[in-house]
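*Asks:* Mind looking over this structure? Questions follow.
The values are calculated or read from the model by the stated rules, or taken from the named source; none is laboratory data. Just so you know, these numbers come straight off a predicted model, no measurement behind them. Note: ideal-geometry Cβ built from the backbone for every residue, glycine included; neighbour counts use all protein chains shown. SASA here: full protein model, heavy atoms, side chains in, ligands and nucleic acids out. Shrake-Rupley method; radii C 1.70, N 1.55, O 1.52, S 1.80 Å.
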Amino acid sequence: MKLFNKTALAVALASATAVPAVAGDLGFSGGDQTVVLADVIFGNGNPGTGSEETLITAPQVTFDLTEGATVAGDVEDGTAGVATVKFTLGGGAVFGEDLSTTTLVDNANGGSGAPNSGAFSLTSGANVDTALTYEVVQGGAIGDNTITFEITFGADGGGNGETLEGVTFVGYAVKNLTSALNPSSGSKRVQLGVEYVEAPNDFAGDSVATTATDTPLTIFGSMKPFTLTATPNDFTATTRINVGNGEKTFTDANSTNTTFEDGRSDFDSAGDVSVISLGTLQLGLNAAAPTFTGITGNVRKENGDDFDFQGGDTHELSFSVGTGELQVGSSVYLSSAADCSTNAFPINVISAAEIQSFDIAVSGTTTQLTSTYQVCYSVLAGANATTIPEVGQIKATWNVDFFNARYDNIAEEDGNFGDLVRNGCIASFFNIPKSTANDVAYVRLTNTSSTNAGDIRGTLYNEDGSILGTADTTVAPALPTSATQIFSTEAATRDAASGREVVSIEEVFGITADDIEGRARLILKGAFDTCEGLGLMRTGDGSLFNMTATTQGNEAGLPNDGNNGN
């Protein structure tokens, strides 16, 4: 049987007006669809190697030739006809099994060796006088990206026309997909194209009666198999580190409690907690849609199963802190319970070396690894309680080191969790002299809140940054609303004419003048929403100078917004 020459096909495809065209439709059949694979199985050196030899089974496609006015296979009456169907793999893909002979094709895909039982089959119409036959006439060898079948129509003695309704191609192995489907690829698609050419009399004289083609069909796609999704809790108007309780607990305005006081104005320690959820974290398996429209199911492995993890894969969950630090001795863990009452994996107790980065050991089944968890933060409580540092912009990174050497490893990152900040107000005062200096400093802090009284706590720093006395010392209790507390660098505390104490800075911090080197810096925190501070300096000749104008250190988000992050 004579295979048409390339000139005939070129002329046919270039001259649509001269050659009748069938509106062929290349589509999936047998319930198949685009096979969407995990991109990591096509390792591209991170560190996967050898993935170009990974064999993937192609889905079932049918080229339907029954659409349109001119029916393919309805060749000239009384003559024997011939047609060719050529399939082309795009994206650098090639056949991974030998289909170079008709026998091999009929035995592929579990075929019995009989015609139409293997990887290729014909569908004929009702008016068939002689059975349609086919044979492989080009390509199909391992490493080829094209295969051409020649179809023979018997002589139409009945005059009804012998009809070919379509051809089906299915179940063959494809390889060399790394370039198209690896994690760094741009399109992440491999398509299959088809061309159909038909003529009477074995293409005698290179005559062509009908051609048909269609837009190439995406038979393989790839995408990352899972995504790390962090859903941080918004603490803007809820949880705060409670200045009213010495910054040792969180206000009770969090989602695991029944009260929802605004943590910015909640300085009562009643109901405070030492455990909060920073939000949820999930390493979720990806569905093929909507990246691939209309595709059902999840991303798959090379064997066709949904992507999952195997026992040899190793997982590492890392966290990094963007601002501030975690409390030494606190714990961070994942929990399936909304109130953080259980832990799904080992609890990580934060050491001094881990206040800005730490790991949580994670392992288990695919279901365990891909469930949604609360990210729980438990600070020291009771007799062990200490000041909780402000912290925020906590990012999570989930690293997977696959056991399969052909896979590329993957690291998924998301966040940010936090920010966890203190409530209350804070103000800084500079140029604080020692009591033996010629000048005297007077610091005034006014509780400008209209809602609550509260303690004042302070920290005094030397010029070299060292802390003088005890940090976060309560320097004045229960300052009423609209009241002002005065601090001075006089050697001793005394009563002012107003009846309120003028608190000696050295005395309240338990230091002497000899402890101060140069000039000190005073940080005052009020357990109330808003405050204003004023720093004054009286020189040796009695002149009084305003060193600060006024400084506001108000709770962010309330009137007179200020900075509570000092």
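*Asks:* Could you name the aspartates and glutamates in cross-link range of Lys175, using Cα to Cα under 16 Å and dropping any fewer than eight places away on the same chain?
*Replies:* Here the aspartates and glutamates satisfying the reach criterion relative to Lys175 are Asp39, Glu52, Glu53, Glu97, Asp98, Asp144, Glu302.
*Asks:* At a 1.4 Å probe radius, which order do Glu354, Glu247 fall into by accessible area, largest first? Can you show the working numbers first?
*Replies:* Values: Glu354 45, Glu247 0 Å².
Largest accessible area first, the residues go Glu354, Glu247.
*Asks:* Taking the Cα atoms of the range 425-546 alone, what are Rg (to one decimal) and Dmax (as a whole number) in Å?
*Replies:* Rg and Dmax of the range 425-546, Cα atoms, are 13.6, 41 Å.
*Asks:* Ok, one more. In whole Hz, with x marking every Gly and Pro, tabulate ³J(HN,Hα) for the range 431-446 from phi via Karplus 6.51 cos²θ - 1.76 cosθ + 1.60, θ = phi - 60°.
*Replies:* 6, 7, x, 7, 5, 8, 6, 6, 10, 10, 9, 10, 10, 10, 10, 10
*Asks:* How would you rank 452-462, 313-323, highest first, on the average number of other Cβ atoms within 10 Å across their residues? Please report the intermediate quantities before stating the final value.
*Replies:* Values: 452-462: 21.6, 313-323: 17.2.
So the order, starting with the most tightly packed, is 452-462, 313-323.
*Asks:* Where in the range 378-421 does the label zone of Ala471 land, with the point 7 angstrom along Cα→C-beta and an amide N cut-off under 12 Å?
*Replies:* 386-390
*Asks:* Using a 7 Å offset from the Cα along the Cα-to-Cβ direction at both Thr539 and Ala496, what is the distance between the two label points in nm, to one decimal?
*Replies:* Here the modelled spin labels are 2.3 nm apart.
*Asks:* Right, here's the next one. Provide the gained length on full extension for the span Glu53 to Gln393, in nm with one decimal, where the gain is 0.36 nm per separating residue minus the Cα-Cα distance. Numbers along the way, then the final one.
*Replies:* Details: separation 340, 0.36 × 340 = 122.40 nm, distance 4.28 nm.
Gain on stretching Glu53 to Gln393: 118.1 nm.
*Asks:* In nm, give the distance between the simple-model label positions of Ser482 and Ile347, each being 7 Å from the Cα along the Cα-to-Cβ direction.
*Replies:* 4.8
*Asks:* Quick check: pseudo-label points 7 Å beyond the Cα along Cα→Cβ at Ala114 and Thr296, how many nm apart are they?
*Replies:* Modelled inter-label distance: 3.1 nm.
*Asks:* Thr530: accessible area at probe 1.4 Å, nearest 10 Å²?
*Replies:* Estimated to the nearest 10 Å², Thr530 gives 10 Å².
*Asks:* From the phi of every residue in the range 384-395, what ³J(HN,Hα) in whole Hz does the Karplus formula 6.51 cos²θ - 1.76 cosθ + 1.60 yield, where θ is phi - 60° and glycine or proline is x?
*Replies:* Once θ is set to phi - 60°, the couplings for the range 384-395 become 8, 4, 9, 4, 8, x, 6, 8, x, 6, 8, 9 Hz.
*Asks:* Oh, and also: Using a 1.4 Å probe on the protein heavy atoms only, what accessible surface does Asp305 show? Give it in Å² to the nearest 10.
*Replies:* 80
*Asks:* What accessible surface, in Å², does a 1.4 Å probe find on Thr473, ignoring ligands, DNA and RNA and rounding to the nearest 10?
*Replies:* About 30 Å², rounded to the nearest 10.
*Asks:* Tell me which residues come under 5 Å, amide H to amide H, from Tyr172 once H is placed; ignore anything under 5 positions away on its chain.
*Replies:* Ala58
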